[in-house]
Every structure is written in structure tokens, then in C-alpha cells.
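Report on one structure; see the data block that follows.
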Amino acid sequence: MTNLAVLMMLLLIPGSSWPDDPSAGLINTETVYLHTDRNFYIAGDHLYYKLYLKSGCSDSSRFAYFIIRDEKSEVISHSRLELMDGVSYGSIKLADTLKTGFYQIVCFTNFMRNRPETIFRKEIIIANRFDDDVSYFPEKDRQSSGVNVSSNVPKPGPLNLRILTDKNIYERREEIIFTVEPGEMPVNEILSLSISVSQVIDYSQPVPSITESFLKDPEGQSQTNLNGPGITYEMESGTSVIQGTVSEIPGTVKTGINFSSPLESHTIFLSAIDTVPNLQYTTTDSSGKFCIYLNPWYEGKEIYLKLRSKANAQITLDSRYTMKEPFQPTRDFNRNYVREFIKRAVKTGQVARYYGSEAKPDTIETFCSYHLPPEVYFKTYPTIYPSDYIELNDFFELSREIIPGLRIRKNNGSYSAGFPSLQYQIVSDEEPLILLDGVPIDNVNQIIDLGSNDIRYIETVPNVRYFNGLYFNGILNVTSKKDAIKNISFSQPFRQTQTDESISFTKPKHFNPADLPSHYPDLRYVLFWEPDFKPHGSKMDFTVWSSDIQGDYVINVQGITRSGLPVAGSATITVKAK
Amino acid sequence: MKIRHIIISGLILTSAPSAGQVRQNEFARVQQVPYQNVAGELYTGDLQPDTYVNPDWIEGDLLLETGDKISNVFLRYNGLTDELFWREPVLNNVIKVDKESVRGFHFNYFRGDSAVFFTRMKIRKDFVSDSTSCFLQEIDFNRIKLYIYRSKSFLRKENYSVNGKISMKDIFIEQPIYFIRSDSRLSVFRKFNGHALCKAYPDKSDVIRKYIRNSASGRLNTQNEIISILQYLDDYF
């Protein structure tokens, strides 16, 4: 019995398999909220946004993704946003060629994709100034009539801001003065606000305010990854992530049954075309998945991913801009109102384009800091320039005549390269690492046709090389004159893709009536957009100018406090002719 | 029967939380590359202790050009060839690290000092050669910095006997070269003494002479003596 008690004690020792924290298995999540300057655009306009991130984890994502999809769920624009202190702001130029119709904005971080229900979605309408055919909008009519802009006004609460205007109805080109009052909290508690004064179409369900989005009860949300047996999406807290899977090519399995089975412990090389031989790598896990925390040097570059070893496999890369869920517009709107609004907007858009009155955004911050490439070797070895010697027809001749130490052998019509002087070979049957234009290739056969006229220079590293945990039987680096790597067909599994780059923080110049010639029409739908207002002092007063366009305008204020709490406020004003 | 019940319930108790463990692992990060951009050459030659500044492996940190730091690794620095060796922890191989990939390194404990830092700098080893990258020990005072290039050179061959068998042995001597950086000026001292110091900083010769006169040994031979005078002089820069 004593032995039994000891056994039971051992079984119950914490730390063996009993989790210290009962909630350790639960994943925390992130939430984003996007404040746009309006919900209606003319193709060719700038869409201004501010993105807020709330993180439920100790760490938070550094990048967010912004997608615009059309009604066929096709992505018409995608961007990566850089977050600083949990916010990002900027502008997206909408293509001139977009058709009139409904579009959806989707915003998320990579980590949020583990719980797709947390992804931010918002509907907008884009009208093309050459496309005033509004028959596109379905006949279904909502029962309500007229405009109900007050639907954007958040419900009263302690985190709501009060917007006080000097009056409710303004004339065209009149000064509008409003004050934002922070309710129960002091002004200096507010960290950052985004403020828009714009005409919005009341056509669909109201977009919730930041307070409603961020304070949503997470109880109703499922705690599981809804992406099925796919990838668990990593948090990009420091660098960008590339994820994917290595699996056998379907239909090539001996049994003839189509299935994709994962390939474990395969090394995947990542590199980009450059004169500097560069490399990053990772290995697949037991289910064939891999994840690369991308060196920032690779951002915005075309990268090559390939398996180090031969395998009857394929590399599938995760695309964060592909969404399985289709976009279905709510279609819950006042048909006549929207049609009239679009017709009028299309005409004003044509006139505005004629006068060229749209302000270009100012760049506030760019994200293209300098990073060093992950070099495969640093030691400088003698460089061979084939142009210094007599012309040689192929690489076999080059190796024999001008590359010391390298030996290329021909066997059954196939070539193999090696450094015979290597005293100690870690991977005995492997060729040296062969790089063409900075990218690892499968073997020397792929460059055997390159002659003196194709090659700029050759570098050899004739010793066993160590690189971040990998060993190579020497390195042969060939830099071609005309990016010969682009003509190489790889026999080993290989993928080519373009990496993301963050877009800059931008905002428009505030409108100044003195800048507009008096005989020019003022056709602004957005009277004011300030994405990053940081309160100073005790008052938050704003002065804006109404335009020539009559109608109801919404003053929409969203923001966060220093303690990370969301704040929001809204008010409606009307602009009328005398 | 009771015992069986207890064992089964015990097993259930231990297996239940493992579900939570699996779930936690499910969201754990997949394997990452262990180190950031360490490149080097596999070294299979003898590590002749006499040529090394630290004859034994010393634990320390490697600071890479990329800004990454690899902590708690075993390092040896060869003063004769100015080469840095790293014992990589996975296969325990000795790697001669590409000097250009390293910004510096740091020994946790070296000759009685903790946190001794070496930085890579371009210097001229002698009067005739071009400048080249070398690892120099860096001692940071307030206004001035002292860099010590711990160069080793061959002195002579010496007989020694093992089990009655006489062999020849190379004897190496450490010949440090000192560099003092003040403002934007770098002064080189192949022999560090009061005369050289006064020549390099004539405007401070009175202070230097006064310090040497009042010091216990009246000389600048040991490293501690050099550090002491520079600590004192730091206020005058």
C-alpha cells in the first residue's frame, strides 16, 4: 500500500503532464477595428483608413493585412499594414477601372486567422464615374425611407465621446466648429483618435463602433482553429512569416490512390536573386508544415523556396489573401436613395476629376529600413572573372581551365561537381552548395551550358562550410550576366513567390478654403479626415469647412486610451443651400 | 480490486491534462532556425593552446553583424592568426567563424575579469601592411576607450621532454598593441609607457608625469597599471 501511495504521489507531481495553468491550452486572440473616412468611394479615389489592434496576448502582431474584395469574392487590392503602438493609418488608391458595385474590406492579422470569426469585415460601395448604370443594384427595397445616418451613432456608454457642434444645419462653404469631449475621463487619458467628417451612404447594417467591436463578449466565440486540419497561423510579432506545407504530389503514389501525405524533416531553402549569396532555411515538422520567420531583407522581393533534397513532393504556400468564405453583400438598403446618391456622386466625380481637386496624401512614415542579407559566407575568396580568360563554351570547360579546386565529372551523360581537396566531408554524397545568382540550385547540370559569355564571375569556397546549423561540402557561387536563374527548371520541389512590404503611413492635407480658387467647385464628400490626432491640453476643438455638396454628414470619432480601452463618438450635421 | 481502481483513476488523472498539453502544443511554434546568420568553416586542425589568448574554451556571447546575439556559447580566440573559434553545440564541431559575420564577442570570465568584450575593428597591424579587421578587447572609460589587440607572435623553439623523449616546442609571446580613442582620434601604442603617452598627448604630459611619479610602481607595465592611468586621465579629456 505504501508503494501504491508513492506511485500515486509520483503520478500527481505537477509539471510531469499536468498543466500548471488550466488555461494554458486556450489561445488568446487579437481583434482589429478599421475606421475608414467614409463608406462610399468613386473609383480612382483614395480610401483613407486607420486600423486599431487589440491584443489579448502579452505580445501583439506587428503586421495587419487589408483586402478589398468585389462581389465575386475576387481580391481587387491587398496590402500589408505596419502597426506602431497598435495602430496603423494610411491610404489605398482605388483603381480607376473598378466597376460600380458593392465591395468588402477585410482586415486581420495572421494570428487572427486561427479564429476567422474575429476577422474584421466592412462593406463599402465604389462607383465608377463612367458607369452610371445603377441597374446593378437589385430591386429589393428596404421598408424604411430616407436617410438614417444616426444608425452609426454608438449606444451611450462610459467610453463614448461627446461631439458638440456649434449648430446643426450649415450653409455651403461655411465654417463648422465642433468639440470632442471625453466623457468621464480626462483628455490626456486619450492616446490617439481618428476623426472623419463625411457623407456616408446609409445602405446597409451600421458598422459597429470601436467600442462595440473591442468590448464584444468573447464567450460566444469558438476557441478552435476553424481552418480544419490546415496550418496554425503564427503571430507576426517581430518579423513577417511564411508558412506552408510539403506533401507528396497527389496521384503519384504507388497504390494509385490520390492523397497528399506530409513529408517530415525536410529542409527548405529560401533565397532571392542577388549578387550576394543569401539563404534562410527551415525544416518541416511531423505533419509536413513549415514556418519561416522572414529576414526583413527579403521583404518586397521575389523569393525562391526549394527542398534541399530530392523528393516526390510539392510545396504549398499559405496565401493570406485567399479567403474561403465568399462575400455576400447584405443588399439591405434603400434602393432609390442609393441609386440617386450614386448617380449624383458619379456626376460630381466627373466634375471633380476635371478640376483635379482631389488632394494627394502626405507620407508621414515609410517602412523600408536597411537590413543586411543573410549571407551564406562572408570570408572573401579569390573571384574568377571568365571575361579575363579566353572564351570557354560551357561550365565543364570553365571548371577544368580556370576554376581551381573544383572538379566536375561526367557519368552516364550527367555531371557532378565536388571539391576533391576537402579533408572532411560531413554530407559525403552531396555536391557542394551551388548558387546561381544568389539562389541555390539542384545540381551542376543546371548550369553546365553556361559559358564565359553568360557568367559575370565565379566564387568557390573549397572547405566544409557551416551555416546556421547546416553543413555544406563547399560552396560554388556563380553570378550570371542576365539572371540565368530565371531560365532554370528545377527538378526538386520548388516555389517562387513575392513577399509583402508594408505600405507607408499617409494622411491627406487638411482642407484650407484659401487653397481653392473661388471659381472652382468644392466637391468634397469628406470634409475632414485626421487619422492620428493626439490630444494636447484640455480641449479637443476642430474647425472644418462644408463643401458645395448638400446633405447629411456624420462626424465620426474613434480612438483608444492610454490603457488600451476603445472610445468612440458620433454626431450628425446637415449642409443645405440658402 | 481497490488497488486496480486507484491505479486506473491515477492514470486517468494524468492522461486528462495531457489533452490540454496537446492543445497547447498545437498552437506552439513550429521549428525555427536555431541561429541567425553564423557562417564559418569546419575546423579539423589542432588547436595549439599556446597560440590562443584563452587556451581553454570560455563561455560567452557572440554578437553578429545582423544584430543578433548568440548567448552562452564556447569560444576561443587565436591571437596568432586573429581567428575566432566556436564550438557549435549540436554536433560539437569546431567552427572557424567568418570574421566578417561577427561584430564582436564577449567572454563571461577572462583572466579574472567578468564581461570582457572584444570588438571587430579595422586596424593596421604593422607599419607596412594595409588595414585589416581584427578583434580588439574594448575597455570603455567615460570619455576615452582603450582597445587592446592581443596579438601573439613566435618567440623561439624550446626543447622539452615527455617520458624521457626530447621534442621541440614553439614558444609564443603575447605582444599587445594598445589603441586609445579620444574624440575622433585614435592613437596607437606598440609599447605602452609614459614617454609614448606624453608624446601622443603633449597637452596632458604634466598630468601623466605627475600620475606616474605618484604611482606605487612608477611604471606602466601591467594591464592594471595601464587601466589605472587611463581611468585617471579620462577626466582630463
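Within the P(r) computed for region B:191-237, what percentage of the Cα pairs occupies the region above 15 Å?
34 percent
Express in nm, to one decimal, how much length is gained between B:Thr81 and B:Ala196 on full extension, taking 0.36 nm for each residue of separation and deducting their alpha carbon distance.
That works out to 38.7 nm of additional length.
What is the order of A:Leu81, B:Leu47, fewest Cβ neighbours within 10 Å to most?
Fewest to most other Cβ atoms nearby, the residues stand as B:Leu47, A:Leu81.
Extending each Cα 7 Å along its Cβ direction at A:Ile177 and B:Asn72, get the distance between those two points in nm, one decimal.
Output for this residue pair reads 6.5 nm.
Return the sequence-ordered ³J(HN,Hα) values of region A:493-508 in whole Hz as given by the Karplus equation 6.51 cos²θ - 1.76 cosθ + 1.60 applied to θ = phi - 60°, using x for Gly and Pro.
Per-residue couplings from phi come out as x, 8, 9, 10, 8, 9, 8, 7, 9, 6, 8, 6, 7, 9, 7, x Hz.
Go from 0 up to the bin containing the longest alpha carbon distance in region A:495-578, width 5 Å each, and give me the % of pairs per bin.
For region A:495-578, the pair-distance distribution reads 3, 9, 16, 18, 16, 13, 9, 7, 5, 3, 2, 0, 0.
Taking amide H positions as placed in the peptide plane 1.01 Å from N, state which residues far from A:Asn110 in sequence (5 or more) or on other chains have amide H under 5 Å from it.
Long-range HN contacts for A:Asn110: A:Glu236.
Under a cut-off of 21 Å between alpha-carbon atoms, report the lysines in cross-link reach of B:Lys122, not counting same-chain residues fewer than 8 places apart.
Counting by Cα, and skipping residues close in sequence, B:Lys122 has these lysines nearby: A:Lys379, B:Lys96, B:Lys99, B:Lys145, B:Lys152, B:Lys191.
What number comes out for the charge environment of A:Thr366, summing +1 per Lys or Arg and -1 per Asp or Glu over other residues with Cβ under 14 Å away?
In short, -3.
Cut-off is 10 Å between beta-carbons; in what order do B:Ile144, A:Ile163 appear when sorted fewest neighbours first?
With the sparsest Cβ surroundings first, the list reads B:Ile144, A:Ile163.
Considering amide H positions built from the backbone, and no H for Pro or chain starts, which residues 5 or more places from A:Ile201, or on another chain, come under 5 Å of its amide H?
Placed amide hydrogens put A:Asn39, A:Phe40 under 5 Å from A:Ile201.
Distances longer than 19 Å among the Cα atoms of region A:383-487: what percent of all pairs is that?
That tail contains 39 percent of the Cα-Cα pairs.
If the cut-off is 16 Å between C-alpha atoms, which lysines fall inside it for A:Lys306, apart from same-chain ones fewer than 8 positions away?
Output for A:Lys306: A:Lys289, A:Lys486.
Roughly how crowded by other chains is peptide A:289-299, in terms of the mean Cβ count from those chains within 10 Å of each of its Cβ atoms?
The per-residue average across the peptide is 2.
Taking the Cβ of B:Ala39 as the center, what net charge do the other residues with Cβ under 15 Å away carry, scoring Lys and Arg +1 and Asp and Glu -1?
With Lys, Arg at +1 and Asp, Glu at -1, the net is -3.
Using Cα positions and a limit of under 17 Å, work out the lysines in reach of A:Lys578, with same-chain residues fewer than 8 apart set aside.
Counting by Cα, and skipping residues close in sequence, A:Lys578 has these lysines nearby: A:Lys167.
If you take every residue apart from B:Tyr109 with its C-beta less than 13 Å away from the C-beta of B:Tyr109, what net charge results, scoring Lys and Arg +1 and Asp and Glu -1?
-3
Stick to Cα atoms and the Kirkwood definition of Rh, then tell me Rg/Rh for region B:117-180.
Taking Rh as the inverse mean 1/r over Cα pairs, Rg/Rh reads 1.20.
Along the positive direction of the dipole of region A:473-578 (beta-carbon charges: Lys, Arg +1; Asp, Glu -1; about the Cα centre), which of A:Tyr553, A:Ser518, A:Ser502 reaches farthest?
So the residue we want is A:Ser502.
Scan around A:Ile434 for amide H atoms under 5 Å from its own, H built in the peptide plane at 1.01 Å from N, and keep only partners 5 or more places away or cross-chain.
Residues meeting the amide H criterion: A:Ile441, A:Leu476.
What is the average number of partner chain Cβ atoms found within 10 Å of a Cβ in A:459-470?
The shielding value for this peptide is 5.
In which sequence would A:His78, A:His266 go, from the one with the fewest C-beta neighbours within 10 Å to the one with the most?
Neighbour counts put them in this order, fewest first: A:His78, A:His266.
Please identify every one of the chymotrypsin sites (Phe, Trp or Tyr not before Pro) in region A:479-578 that sits in a loop by DSSP and has no more than 14 other beta carbons within 10 Å of its own beta carbon.
Sparse-neighbourhood loop chymotrypsin sites (Phe, Trp or Tyr not before Pro): none present.
Under a point-charge model restricted to the Cβ atoms of Lys and Arg (+1) and Asp and Glu (-1), what is the dipole moment magnitude of region A:446-578 relative to its Cα centre, in debye to the nearest 20?
Roughly 160 debye, rounded to the nearest 20.
Counting other Cβ atoms within 10 Å of each Cβ, which trypsin sites (Lys or Arg not before Pro) in region B:156-187 have at most 14 and sit in a DSSP loop?
none
Could you work out how far the C-alpha centroid of region B:203-231 sits from that of region A:365-415, in angstrom?
55 Å
Bear in mind that the values in this text are calculations on the coordinates, not laboratory data. The structure presented is a predicted model; accordingly, all values stated were derived computationally and were not measured. Because the Cβ atoms are built from the backbone with ideal geometry, glycine has one as well, and the counts that use them run over all protein chains shown.
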